Amino acid sequence: MSSPPSADDALSAAELAAKYGLAVSGARPGLREYVSQLKGRRHFILAFSRAKLTAQYSQAKLGQLWQVATPLLNAAVYFVIFGLILGTKKGIPQEVFIPFLVTGVFVFTFTQSSVMAGVRAISGNLGLVRALHFPRASLPISFSLQQLQQLLYSMIVLVAVTVGWGSYPRLSWLLVIPALALQFLFNTGLALAMARMGAKTPDLAQLMPFVMRTWMYASGVMFSIPVMLEDKPAWITDVLQYNPAAIYMDLVRFALIDGYGSENLPAHVWLVALAWAVVVGLVGFVYFWKAEERYGRG
Amino acid sequence: MADDNTAGRVPTVIADDVHIVYRVNGGGGGKGSATAALSRILRRGKGEERGVRKVHAVRGVTFTAYRGEAIGLIGTNGSGKSTLLRAIAGLLPTESGSVYTDGQPSLLGVNAALMSDLTGERNVVLGGLAMGMSREEIRERYDEIVEFSGINEKGDFITLPMRTYSSGMAARLRFSIAAAKSHDVLMIDEALATGDRKFQIRSEARIRELRKEAGTVFLVSHSNKSIRDTCNRVLWLEKGELLMDGPTDEVLKAYERETGK
């Protein structure tokens, strides 16, 4: 070793670091600092989500047309199975049921794919996490944003379906914006929480499809919860109706569909929607941030 | 290079007894079948996690790097060089021990942020943003990056998806994006080996420029010549342990004796 004798030699590593103002590498920043770092990376978050969205279909011949064609086909499949074959519309008139079903499918898919992308946000991007520095929350947030943009394409199909079954644009359509904004917040919180769990236990990616499918069938995507559960105890109906997926679906249906009035909504629905969004959004964010310095260990 | 051993040297990176352990799922005992996985889980519960294999990649490395130093990391494949760099950059959490740094050390490499399905154009922007550059900075440097990469020398390739590039072209674009930003503490991991001869000369010149701008440079390389050309101090790692730490000539001589070159 060629180090010269100097006063610094007597110091321990920690003391030496303190003397010259060095910080622990990769330490977790405070919550406030973390938020401002994230804000600094907003261009990256947006660019990354758009890049992922574009890359998805770039090898297909029809290219970006699939952004619209995929939800359209999805809606068609659900229409054939639940609208024509099984006929789950019980208590809902036909011209309401079709947009009811399609809205349910699209709004639920928004949450579903955000969760699925969230689980893999860290564990599927370890290369990126181990190569570059950025607040790790950028990844789950970026994936939720990608799903939001995907949903906007689906909205084109949804508007066509709604108009096709006789609900024409009116002022209440604007309510879709706050409803989806709250849902986006909720989804992001959930994706952040799932990202932390998925980083620790990648097996969740295998398990989640089953959880999500159960959640979908329990949320009344293709049937009306109060009508279907008429003869069951009231608390079951309440639990199902106040679950966040059902709440956001109902709000969008209420906003878009003429024949789907407020009598179908549970009480205090906007308040509940707001509470779900804020609570899950904040808890998910803080929960994710708590493990910030540990992501990347494989 | 002369190492002026005067008092008042400012440390930029301090590694204090750093240990790094990788955990590999399903890397455990023998067969990779479902029944083997099940029996691993059933046998679990005796202290250590079953079914998870640990790889102790870096074992107790301690050193202090000072401002103005260019430090080479040598050692055979799998000796823990790249892992150590990642730990210094704060990208890989340490198992025990700590790393203190001045500012934010950066690893030269954006490969992971780029997407082969996107055009070279969009990848330049995406890679720049991923490294923490602002949109304005990227716009300013865009032409410089494309020209440096030489991608457009053989036609308008920058507007084609990256998956259509030859491996050499893709490597050149990646290096050009990565080298577009200057850093306080810079770490270079085998970046000099990309591209054809002409590009290698250009990239070595760019690395020297980056070194001038940076406070401290770390270079991982298997080419003793490029270590000799650029570094004044060398760390020799073997099996995760720091075998030797000293002036370039001394360490390289010992290393060459050991590896029989």
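The values are calculated or read from the model by the stated rules, or taken from the named source; none is laboratory data. Everything numeric here is computed off the predicted structure, so don't read it as measured data. Quick reminder, even Gly has a Cβ in these numbers, built from the backbone with ideal geometry, and neighbours come from all protein chains shown. These area figures cover heavy atoms from the full protein model, side chains too; ligands, DNA and RNA do not enter into them. Shrake-Rupley method; radii C 1.70, N 1.55, O 1.52, S 1.80 Å.
For B:Ser39, what accessible area in Å² do you get when you roll a 1.4 Å probe over the heavy atoms of the protein chains, rounding to the nearest 10?
Number for this one is 50 Å².
Can you give the calculated 222 nm mean residue ellipticity of chain A, where each DSSP H run of n ≥ 4 adds -39,500 (n - 2.57) and the sum is split over every residue, rounded to the nearest 500 deg cm²/dmol? Show your work: numbers first, answer last.
Values: 13 runs with 194 residues, N = 298.
Taken over chain A, the calculation gives -21500 deg cm²/dmol.
Antiparallel DSSP bridges in the protein assembly as shown: what percent, to the nearest 5?
Details: 26 of 42 bridges.
Here the share of antiparallel DSSP bridges comes out near 60 percent.
Provide, for q = 0.10, 0.12 Å⁻¹, the log10 of I(q)/I(0) from a solvent-free Debye sum over equal Cα point scatterers in the protein assembly as shown.
For the requested q values the scattering log ratios are -0.94, -1.19.
Please report the carbon-and-sulfur percent of the accessible area for the protein assembly as shown; probe 1.4 Å, protein heavy atoms only, DNA, RNA and ligands left out.
Details: 15350 of 26080 Å².
Carbon-and-sulfur percentage of accessible area, whole number: 59.
Starting from the Cα gyration tensor of the range B:113-214, take the square roots of the eigenvalues, sort them a ≥ b ≥ c, and report rounded, prolate or oblate (rounded when a/c is under 1.5, otherwise prolate if a/b is larger than b/c, else oblate). Don't jump to the answer; show the numbers that get you there.
Numbers: a/c = 1.73, a/b = 1.19, b/c = 1.45.
Verdict is oblate for the range B:113-214.
Are there residues in the range B:116-163 whose accessible area shrinks by at least 30 Å² when all protein chains are included rather than the chain by itself, and which are they (probe 1.4 Å, ligands and nucleic acids not counted)?
B:Asp117, B:Leu118, B:Arg122, B:Leu126, B:Leu129, B:Ala130, B:Arg135, B:Arg163
Just going by the charge dipole of the range A:1-103, with Lys and Arg at +1 and Asp and Glu at -1 on Cβ, which of A:Gln94, A:Leu53, A:Leu22 is farthest out on the positive end?
Going by the charge dipole, the pick is A:Gln94.
Helix A:31-40 versus the longest principal axis of chain A: what angle, 0 to 90°, nearest 10, using Cα atoms?
80 degrees
Rank these residues by their accessible area, most exposed first, probe 1.4 Å: A:Val221, B:Val52, A:Val24. Display every interim value, and only then the final one.
Details: A:Val221 0, B:Val52 35, A:Val24 75 Å².
Most to least solvent-accessible, the answer reads A:Val24, B:Val52, A:Val221.
Give a quick list of trypsin sites (Lys or Arg not before Pro) in the range A:37-80 that DSSP marks as loop, anything other than H, G, I, E or B, with at most 13 other Cβ atoms within 10 Å.
Passing sites in the range A:37-80 are A:Lys61.
For chain A, report the % of Cα-Cα distances exceeding 28 Å.
Details: 20400 of 44253 pairs.
Above the 28 Å cut-off, chain A has 46 percent of its Cα pairs.
Give the angle, between 0 and 90 degrees and rounded to the nearest 10, that separates the Cα long axis of helix A:94-123 from the longest principal axis of the Cα atoms of chain A.
Computed tilt is about 10 degrees.
Rounded, prolate or oblate: which one fits chain B, using the alpha carbon gyration tensor with axes a ≥ b ≥ c (rounded when a/c is under 1.5, else prolate when a/b beats b/c, else oblate)? Working shown, then result.
Working: a/c = 1.84, a/b = 1.17, b/c = 1.58.
Oblate, because a/c is 1.5 or more while a/b does not exceed b/c.
Please compute the length gained on full extension between B:Arg208 and B:Lys154, using 0.36 nm multiplied by the number of residues separating them and subtracting their Cα-Cα distance.
Values: separation 54, 0.36 × 54 = 19.44 nm, distance 2.73 nm.
In short, 16.7 nm is gained.
Please provide three numbers in whole Å: the alpha-carbon extents of the range B:48-151 along the principal axes, with the largest listed first.
That works out to 50, 41, 26 Å along the principal axes.
Which whole-number percent is the relative contact order of chain B (Cα, under 8 Å, 6+ apart)?
Details: 458 pairs, mean separation 65.3, N = 261.
Answer for chain B is 25 percent.
Classify the range A:92-149: rounded, prolate or oblate, from the alpha-carbon gyration tensor (a ≥ b ≥ c, eigenvalue square roots; a/c under 1.5 rounded; otherwise prolate if a/b is larger than b/c)?
Note, shape of the range A:92-149 comes out prolate.
Taking 0.36 nm per residue of sequence separation and subtracting the Cα-Cα distance, how much length would be gained by fully extending the chain between A:Val279 and A:Leu171, in nm to one decimal? Each step should come with its number before you reach the end.
On the way: separation 108, 0.36 × 108 = 38.88 nm, distance 2.92 nm.
Stretched fully, the A:Val279-A:Leu171 segment lengthens by 36.0 nm.
For chain A, take the longest principal axis of its alpha carbons; what is the angle in degrees between that and the long axis of helix A:244-256, to the nearest 10 within 0 to 90?
With both axes taken from Cα atoms, the answer is about 50 degrees.
Rounded to the nearest 100 Å², what is the sum over both chains of accessible area buried where A meets B, with a probe of 1.4 Å?
For A against B, buried area totals roughly 3800 Å².
Nearest 0.05, what FRET efficiency do A:Tyr20 and A:Met228 give at R0 = 60 Å with Cβ-Cβ as r?
On the way: r = 68 Å, r/R0 = 1.14.
The formula returns an efficiency of 0.30 here.
Rounded to the nearest 0.05, what FRET efficiency is calculated for B:Ser223 and A:Tyr217 with R0 set to 56 Å and r the Cβ-Cβ distance?
Values: r = 60 Å, r/R0 = 1.08.
Computed FRET efficiency for B:Ser223 and A:Tyr217: 0.40.
Return one whole number: the accessible area per residue of the range A:37-294 in Å², for a 1.4 Å probe. Don't jump to the answer; show the numbers that get you there.
Working: 11420 Å² over 258 residues.
About 44 Å² of surface per residue is accessible.
Could you give the size of the charge dipole of the protein assembly as shown about its Cα centre, using +1 on the Cβ of each K and R and -1 on the Cβ of each D and E, expressed in debye and rounded to the nearest 20?
Working: 60 positive and 48 negative charges, 252 e Å.
For this selection, approximately 1200 debye.
Rounded to the nearest 500 deg cm²/dmol, what is the calculated helix-only ellipticity per residue at 222 nm for chain B, with -39500 (n - 2.57) per DSSP H run of length n ≥ 4? Walk me through the numbers on the way to the answer.
On the way: 8 runs with 91 residues, N = 261.
That calculation yields -10500 deg cm²/dmol at 222 nm.
From the phi angles alone, apply the Karplus equation (6.51, -1.76, 1.60; θ = phi - 60°) to the range A:286-291 and give each ³J(HN,Hα) in whole Hz, x where the residue is Gly or Pro.
Those phi angles translate into 5, 4, 5, 4, 4, 10 Hz.
Hey, rough spin-label estimate for B:Ser167 and B:Arg257, points 7 angstrom out along Cα→Cβ, what's it come to in nanometres?
For B:Ser167 paired with B:Arg257, the spin-label model returns 3.7 nm.
Set the Förster radius R0 to 25 Å, insert the Cβ-Cβ distance between A:Ser58 and A:Leu84 as r into 1/(1 + (r/R0)^6), and round the FRET efficiency to 0.05.
On the way: r = 35 Å, r/R0 = 1.39.
According to the calculation, E is roughly 0.10.
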